[in-house]
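Only one structure is covered here, and it is reproduced in the block below.
Here, each number is a calculation from the coordinates, and none is a lab measurement. Computed from a prediction, not measured in an experiment: that's the story for all the values here. No Cβ is skipped: glycine too gets one built from the backbone with ideal geometry, and neighbour counts run over all protein chains shown.
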Amino acid sequence: MRELTVLQAINEGIREEMERDERVFLIGEDLWGLPGGPHGVYKGLPEQFGSTRVIQTPISESALMGATVGAAATGMRPIVEIMHMDFMTIAMDQIVNHAAKLRYMTGGQATLPLVMRTPAGSGQGNAAQHSQSLEAWLVHVPGLKVVMPSTPYDAKGLMKSAIRDNNPVMYIEHKVAYNRKGPVPEEEYLVPLGKADVKREGTDVTIIATAYMVYMALQAADELARDGISAEVVDPRTLNPLDIDTLIASVRKTRRFVVVHEANKTCGIGAEILSQIVETAFTDLDAPPRRVCGEDVPIPYNRSLEARQIPSVERIAGAVLELCRY
Amino acid sequence: MAVEIRMPRLNWSQESGTVTRWLRSPGEHIKTGEPLLIVETEKAEIEVEADADGLLHIVVSESRPLPVGALIGYLLGEGETAPVVADSPPPGEARAGAELAIVAKRESRGNSERISATPIARRIAKEQGIDLALVAGSGPKGSITERDVRRHIDHLAGAGAPGPGSLGVRELNRPSPWADESPISLSTVRKATAEMLAASFATAPHFYLGITVDMGQALRLCATLDPQPSITAVLIRASAIALAGHPEVNVSYWEGALYKHSHINIGVAMATSEGLLVPVIRDADRLPLSATDERLRQLREKAQARHFRGDEMSEGTFTISNLGMLGIEEFLAVINPPEAAILAVGAIVDRAYAGTQGIELRPALKLNLSIDHRALDGADAARFLADLKNTLEQPEGLA
Amino acid sequence: MSKTAAKAKGKPEDAARPTASVAGLDREDLLDMYLRMMRIRYFDTRTPGLVKNMTIPGMCHECIGHEGVAIGVIQALNRDDYIGSTHRGHGHLIAKGGDLKRMMAELMAKKTGYCKGKGGSMHVADQSIGMLGADGIVGGGIPLIVGAGFSIKLRGTRQVAVSFHGDGAAAQGVWHESVNLAAVKRLPVIFVCENNLYALSTRWSESALISDVAARAQGYGIPGIVVDGQDAIAVYEVAKEAVGRARSGEGPTLIECKTYRFTGHWIGDPHTYRTKEEVEWWKENRDPVKILRARILDARMATDVELDDFAARAHEEVEEAVRYGIASPEPEPSALFEDVFAP
């Protein structure tokens, strides 16, 4: 099977959907001015679809997001890019008070088939305001769907599903994962929202990881295998709605679990996942559950400090080893 | 104002008690502190005193186990009538009863709650009827994990190799009843003792040290005292002195740690018609011989009457068992958990010694010390025993 | 720069005959405008009592005094044109053709309301007539209309989208972002700023150094027009021009309607931040109902009796809506979980 990078996979998914449905359009900053847009995700799309369907705007995240909502409310299927997830904060009123709630507040009159795609993640020395992963904020708001793919296969399949979904979908990408390669079928396929994926099967411990941490978890699993520990790695893929059944089935099998995410620990998505699992599967646990997350500090500029801020393969393996003392 | 009399909690692990008999009659005027009733617990029968003044009204007179906190009577004021106790208590009382039950359960669970076990280990243990107290934990800090419970289950089923903390004991078959025999159910005390001894023998690795003691000097000393102390009293006194000099023996082993006791409380095994009791002489190192002997006499009387205060039956740190008066020359006793050692005393018998003018006969008795090897090694135990022998053979400081 | 509305033209010998139109509005148009204006007037006069006795369980923001703006602008729109509104949205929805019964039921939180009782006054909407929704965030609805503008352009229709908002919103960052974005993209959008001189309790003169919001339009490169908001016909004329510009692809216009709210910011607001004299002056001299009525009568498009009839009709419709709302059932408990997501 051919291999694509995550970037290429997202690009292909968007192109296919734009070809399929003329209501899909792109809006955001620097989509024309920088080749393929700020991160290259839109390579070739401006040229193919023209300036009516690929709209470059001034720097106005609040208006951008609101316009996305308004366009979605009036029959279109917009994809808005928020250049770095950190800038989502400028658009929060439109995301939280409008996109998430318009349908509910109007008693179902409004349908908002929009996608907000945004690159998140640290590891490129971009410092505190260009490196965050704020998925927890979005997962917390009823009315938003949140996806966070890791592999090229998942990225393409989830993008297509997100565009076809008739609701606001927050599609969170990881800047460092963009260049990761993986198999992507030629024929069309979709990855459904709300389904987790077992990335590696195992028997002794479940590692639940998101986005770039999936790669770290798989690496940790390889190292643990050399110590005779068989780790199962599960990628939720969609954070809201969460496929808790798959996570619990895995924990019931292994009796131990660790949740790994790049975002800092306090009130991160790990707290929610851990709680949901313990609430249901308490009497299946043979060890206390653990989270391995980013440190609760702003992300530093210095590269080595930056690397210390996020979970490492050692920290993940270390947490697993602790659990296996039980 | 009616004062409730409820089933008292007399030791920290007690879950229930039985009203054995009331010492006073209904309607009698009771004063605070007067003995009121006898309650049987797992350890012994204990005399309970009144907490208040009042006219006695008995609610529960017959003998059946009740949870700690259950209502058993009232002390009423003049002219008061007792509250009606319906079959199902009124909601407030039921709630209070439930609260007490929760407190009692919490406290009684104290024993098993100190057992660290993972949620799935607890679940499987509960489902399979396994007592976690008997399962050895291999997890951190000795927590019991699923693996430990499953191993335990396998052992009971006779399958698999014994693991750590297990003796690979096969469950024995129940003896087939003979036609003319019906099983006698054991009293609470006997049952508790049986279980305790089984657990002690199974979990503490016993080893034994024996020594012969020339009691000549000690007997001469006793003859000078009035009243003449018993041999057991002498042994208690000597052991207390020896323990004071060897604090490493006055310990308990529990879950990977040694607990050194700050008091020397010596229990004395006593046989009664209802089974074995071990009342405790507290701070035995502070009592001179005559006081020790007096205390021992008191406890023997209480043992016959089976009236003990709660604190007379608990917190022993060392036990002495003397079967010499029954002609036994030596024996090996089972340790009284959670103590580290027990001293088995045999009869005084004239034994041959090498003297200055050839063979002499001297009155000597054999001591056998059983030791929990987790708490104490041979050399330390031997030094203790040697000092004990010295204390007895050169009894200047004994009195 | 002020621009006064053109007066109805007519020769003296036509004084006995009704004029054919006022600013292009014929008798039917004007009577319909008057009817809708009276519906707004009665609706928002009726709500305070219902709020105070908890028949309406939530809060409402009356738009009495603002009727000329809604009626005037919306008269220039087609049914399929979009409007976005504010927390003071009853007038916009009624002017656009909203159903009084469903509105009142929504205010009363009943399941027969526009939003099934789950939105309330601040979120009433009727998407079928292009009313995208009232909005509880000041300025929040503005970019939605910009989005509607994008949608129109992409679909290539001749619709337009109108954003109603107040002087308060003109201080919000999102107002500036939205005006700029619509201007730069030449979207078929009209920004209607209803300057009633107070953003809750903050006077306009404390919100900005300029006396007209419309002056800002120049900063964004679009036309900015000031009009007397109390004269529905004057508003209509200005709106018609702006709509024409938008439909022909010339981009957005900023229309500032000078208006005034006759009551507090919300029902029960004692509005002590305004003098009684000021309030009374506007009520006496600049009442949009009186002004429209006078213009219709001046042009002899109708008689007092006819206008009274229409007023009575509007009054009865409002009463019927109240009865409907009161008789309507509450939503089921399961409604709590419905309409979060579309299938």
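Numerical summary
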{"read-out": "Nitroxide proxy distance, nm - points 7 Å out along Cα→Cβ at A:A225 and A:A307", "value": "2.4 nm"}
{"read-out": "Estimated distance in nm for a label pair at C:E316 and A:A271, the labels positioned 7 Å out from Cα along Cα-to-Cβ", "value": "6.1 nm"}
{"read-out": "Inter-chain shielding of C:173-186 (mean C-beta neighbours from other protein chains, 10 Å cut-off)", "value": "5"}
{"read-out": "Enclosed volume per residue, in Å³, of the convex hull spanned by Cα atoms of segment A:81-159", "value": "96 Å³"}
{"read-out": "Shielding by partners - mean other protein chain Cβ count within 10 Å, residues of A:18-28", "value": "1"}
{"read-out": "For A:F257, residues with placed amide H under 5 Å, excluding near neighbours", "value": "A:T206, A:R290"}
{"read-out": "Theoretical ellipticity at 222 nm over the protein assembly as shown - DSSP helices of four or more residues, -39500 (n - 2.57) apiece, nearest 500", "value": "-11000 deg cm²/dmol"}
{"read-out": "Cα shape, chain C, gyration tensor, a/c 1.5 rule", "value": "rounded"}
{"read-out": "Net length gained if the chain between B:N390 and B:E62 were fully extended (0.36 nm per residue, minus Cα distance)", "value": "112.8 nm"}
{"read-out": "B:R21 versus B:R351: modelled label distance in nm, points set 7 Å from Cα along the beta carbon direction", "value": "4.5 nm"}
{"read-out": "Cross-link partners of B:K126 among aspartates and glutamates (Cα-Cα below 16 Å; sequence separation of 8 or more within a chain)", "value": "A:D284, A:D286, B:E113, B:E146, B:D148, B:D154"}
{"read-out": "Computed log₁₀ I(q)/I(0) - Debye formula, equal Cα scatterers, no solvent, segment A:197-323, q 0.10, 0.17, 0.21, 0.23 Å⁻¹", "value": "-0.27, -0.79, -1.20, -1.41"}
{"read-out": "Relative contact order for chain A, counting Cα pairs under 8 Å that sit 6 or more residues apart, in percent", "value": "16 percent"}
{"read-out": "Chain A: angle of helix A:313-323 to the longest principal axis, Cα-based, in degrees nearest 10", "value": "50 degrees"}
{"read-out": "Relative contact order of segment A:3-183, defined on C-alpha pairs under 8 angstrom at six or more residues apart (%)", "value": "28 percent"}
{"read-out": "Residues B:K260 and B:M325, FRET efficiency given R0 of 30 Å [Cβ-Cβ distance, rounded to 0.05]", "value": "0.35"}
{"read-out": "Electrostatic dipole magnitude of the protein assembly as shown [Cβ: Lys, Arg +1; Asp, Glu -1; Cα centre; debye, to 20]", "value": "2300 debye"}
{"read-out": "Alpha-carbon Debye profile of the protein assembly as shown, log10 I(q)/I(0) at 0.06, 0.07 Å⁻¹", "value": "-0.72, -0.83"}
{"read-out": "Lysine pairs in segment A:3-183 with Cα atoms under 16 Å, if 8 or more residues apart or on separate chains", "value": "6"}
{"read-out": "Residue mean of other protein chain beta carbons inside 10 Å, A:138-146", "value": "1"}
{"read-out": "Cα pair distances of segment C:232-343 binned at 5 Å [whole percent]", "value": "2, 8, 9, 10, 12, 14, 15, 13, 10, 5, 1, 0"}
{"read-out": "Packing-based order for A:7-18, C:238-249, using average beta carbon neighbours within 10 Å, highest first", "value": "A:7-18, C:238-249"}
{"read-out": "Relative contact order for chain C, counting Cα pairs under 8 Å that sit 6 or more residues apart, in percent", "value": "25 percent"}
{"read-out": "From phi via Karplus (6.51, -1.76, 1.60), per-residue ³J(HN,Hα) for segment B:138-151 in Hz, x at Gly/Pro", "value": "10, x, x, 6, x, 5, 8, 10, 4, 4, 5, 5, 5, 4"}
{"read-out": "Distance-filtered residues of segment A:134-153 - backbone nitrogen under 16 Å, label point 7 angstrom along A:R20 Cα→Cβ", "value": "A:153"}
{"read-out": "Alpha carbon centroid spacing (whole Å) that separates segment C:71-90 from segment C:140-194", "value": "13 Å"}
{"read-out": "Packing-based ranking, highest mean first, of C:94-102, B:329-337, C:63-71, B:58-66 given that Cβ atoms within 10 Å are counted", "value": "C:63-71, C:94-102, B:329-337, B:58-66"}
{"read-out": "Unit charges at the beta carbon, dipole of the protein assembly as shown: most positive-side option, A:M170, B:A133, A:L34", "value": "A:L34"}
{"read-out": "Highest-first arrangement of C:132-145, A:151-164, A:213-226, A:307-320, where packing means the average Cβ count within 10 Å", "value": "C:132-145, A:151-164, A:213-226, A:307-320"}
{"read-out": "Cα shape, segment C:106-252, gyration tensor, a/c 1.5 rule", "value": "oblate"}
{"read-out": "Under-5 Å amide H pairs with A:R200, H placed in peptide plane, nonlocal only", "value": "A:V233"}
{"read-out": "Tally of Lys pairs whose C-alpha atoms are under 16 Å apart, taken over segment C:39-158, 8 or more apart or cross-chain", "value": "5"}
{"read-out": "Chain A, dipole about Cα centre (Lys/Arg Cβ +1, Asp/Glu Cβ -1), debye to the nearest 20", "value": "160 debye"}
{"read-out": "Top positive-direction residue, dipole computed over the protein assembly as shown with Cβ charges, set B:I371, A:I59, C:A183", "value": "C:A183"}
{"read-out": "Farthest positive-ward along the protein assembly as shown dipole, Cα basis, beta-carbon charges - from A:Y326, B:L289, C:A214", "value": "C:A214"}
{"read-out": "Estimated vicinal HN-Hα couplings, Hz - segment B:198-211 in sequence order (Karplus 6.51, -1.76, 1.60; Gly, Pro = x)", "value": "4, 5, 4, 5, 7, 9, 8, x, 7, 9, 10, 10, x, 8"}
{"read-out": "Prolate/oblate/rounded label for segment C:174-253 (Cα gyration tensor, a/c 1.5)", "value": "oblate"}
{"read-out": "Dipole in debye (nearest 20) - segment A:204-309, about Cα centre, beta carbon charges: Lys, Arg +1; Asp, Glu -1", "value": "120 debye"}
{"read-out": "Under 5 Å, built H, 5+ apart or other chain: amide partners of A:L31", "value": "A:T57"}
